[in-house]
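So the structure is just underneath, and the comments pick up after that.
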Amino acid sequence: MYYIGVDLGTSALKLIMMNSKGELVKSVSKEYPLYFPHSGWSEQNPTDWFLAVKEGLKEICEGADDKIAGISFGGQMHGLVILDKDDKVLRPAILWNDGRSTEETDYLNNVIGKEKLSELTANIAFAGFSAPKILWVKNNEPEIFEKISKIMLPKDYISYMLSGSFATDYSDASGMLLLDVKNKKWSQEMIKICGISEDMLPKLYESYEPVGTIKPELANELGLNKDIKIIIGAGDNAAAAIGTATVGEGACNISLGTSGTIFISSKKFGVDSFNALHSFAHADGNYHLMGCMLSAASCNKWWMEEILKTRDFIKEQENIVNLGENKVFFLPYLMGERSPHNDPDARGTFIGMSMDTKREDMTLAVLEGVIFALRDSLEVARSLGIKIEKTMICGGGAKSPLWKRLVANIMNVEVDVPISEEGPGFGAAILAAVGCGEYASVETAAKSIIKIKEKIKPEADLVVKYEARYQKFKRIYPALKGVFKEIG
């Protein structure tokens, strides 16, 4: 049998087909628009996602006859999708990297209080989370707020359109600031604070649980088997972690996608006392800690395409040789920042240029800056006594040999590269297989399917050089924090 994983990304949709042995059969990608109607805003139309999903399913399932057993999802997290009583989308989805809800975030953190939020949800408010966005709609679009009947996350809209089941999973729901993560149930107090009702929120499932089957009319339209199970899936970071076998106790994964994350799995619930890291449910049925930066590979894409006006990413990295000796630093906060600073006003910054600064120095600074920023979150985990000596890696940035080498040396960890680097889509396909009974558990499936093709070890001399550079890097943001707020 075949299992399909749908990776609903920010810039594109990717569908992965996997067979019963965990082997990739084929993949399909579809793009859709991303809108920035105001500075710091980020939106997409959910109908664009669903059209792409239908086109992608038609293409990837062609010739598979009735061998498709299940479909699951790994979707961009935190996005606010709201529907009216007739299931019509009320407004464009407000995405994870949207910073408009600064006032609402401040209200939650400073009036309701971070300690109270952590007690209720295991997390504090970030501008990207769903609850501040709900309050923003309430405060700024009251006529739309009054019409809300259903509140969904991006992947759950696709699941709903395919199956008719109003559902979500614990991993994705953890990022809404509405879930009591420890007890895996909706927080009644947070629901009240946001001025909504529980019937507006979806039913909660584990990521590997089926929520229904494909709608008969859709099966006919797409030429698919009517018995295909829809498995709810996970938030993209949790799905990517499944796709790299980051499951069980103490495993680590770094994702260099549009956003960047460091993901540490655990069988026990735990909270970082500073709330610099997110404490979320995991798609394997357990928990995880996660540091998330809003701009990772997107920083390199911006630098290459918008500034250097090139798409030849490989060529730009070929002549970079001065590792550990670059005088230029880059703060990668192009969309503000989440972990660990929680500052939507932060912005991208180059510092340290001189008359002898070269193009290669600037390019290297961008790559280094992303990893330095991720190390900020790693240091929080280490302060909790968590020992991380190796990490898996995935995302578009993981295709760069230079970037993988930088991860190993800036973080002083071994970097393990899986044979498949398909990220959330592959993890979603594994969840589909588990949901259809192909494997006994997510942990069993991931550990039997995921294989390592390359190990990058830290180099002692570079570790020393990058330790000195990191100590300089981490002083830059505090020095500029007040400036960012002033320049807006």
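The values are calculated or read from the model by the stated rules, or taken from the named source; none is laboratory data. Quick caveat: nothing in here was measured; it's all calculated off a predicted structure. FYI the Cβ positions are ideal-geometry reconstructions off the backbone, even for glycines, and counts take in every protein chain you see.
Annotations
- Counting the residues of the stretch 51-75 that are modelled with pLDDT of 95 or more and either buried (at least 19 other Cβ atoms within 10 Å of the Cβ) or touching a Pro at 6+ places or on another chain (Cβ under 6 Å) (or both) gives 12.
- Yes/no for PHE269 being assigned to a strand (DSSP E or B) and not basic (Lys, Arg): no
- Checked against (1) within 27 Å of SER39 (Cα to Cα); (2) not in a strand (DSSP E or B), PHE330 meets all criteria but (2).
- Number of the exception - TYR287 against (1) surrounded by fewer than 24 Cβ atoms within 10 Å (Cβ to Cβ); (2) modelled with pLDDT of 90 or more: (1)
- When residues of the stretch 42-86 are limited to those that are closer than 30 Å to GLU143 by Cα and assigned to a strand (DSSP E or B), the one nearest to the chain's Cα centre (by Cα): GLY75
- Test for GLY248: is it touching an Asp or Glu at 6+ places or on another chain (Cβ under 9 Å), surrounded by fewer than 19 Cβ atoms within 10 Å (Cβ to Cβ), under 25 Å from GLY5 (Cα atoms) and among the small types (Gly, Ala, Ser): yes
- Cβ-Cβ contacts under 9 Å between residues 6 or more apart (or on different chains), taken from a first residue in the stretch 385-401 that is under 16 Å from GLY291 (Cβ atoms) and surrounded by 23 or more Cβ atoms within 10 Å (Cβ to Cβ) to a second residue that is at pLDDT 95 or above and among the basic types (Lys, Arg), are listed as ILE393/LYS404; GLY397/LYS404.
- Residues (surrounded by fewer than 22 Cβ atoms within 10 Å (Cβ to Cβ) and either of a type in the set (Ser, Thr, Tyr) or out of contact with any helix residue (DSSP H, G or I) (no Cβ under 8 Å at 6 or more places or on another chain) (or both)) located in the stretch 406-419: ASP416, ILE419
- Residue pairs whose Cβ atoms lie under 7 Å apart, separated by 6 or more positions or on different chains, with the first residue in the stretch 304-324 and assigned by TED's automatic domain parsing to the domain that holds GLY397 and the second aromatic (Phe, Trp, Tyr) and surrounded by 10 or more Cβ atoms within 10 Å (Cβ to Cβ), are MET304/PHE313; GLY324/TYR466.
- Wholly enclosed helices (runs of 4 or more DSSP H) of the stretch 377-488 bearing at least 2 residues assigned by TED's automatic domain parsing to the domain that holds ALA297: 401-411, 460-487
- Of all the listed residues (ASP98, ASP84), the sole one being at pLDDT 95 or above, charged (D, E, K, R) and not assigned by TED's automatic domain parsing to the domain that holds ALA281 is ASP84.
- Residue match in the stretch 355-362 (condition: in a helix (DSSP H, G or I) and under 21 Å from GLY257 (Cα atoms)): yes
- Residue check for SER118: part of a helix (DSSP H, G or I), small (Gly, Ala, Ser) and out of contact with any strand residue (DSSP E or B) (no Cβ under 8 Å at 6 or more places or on another chain): yes
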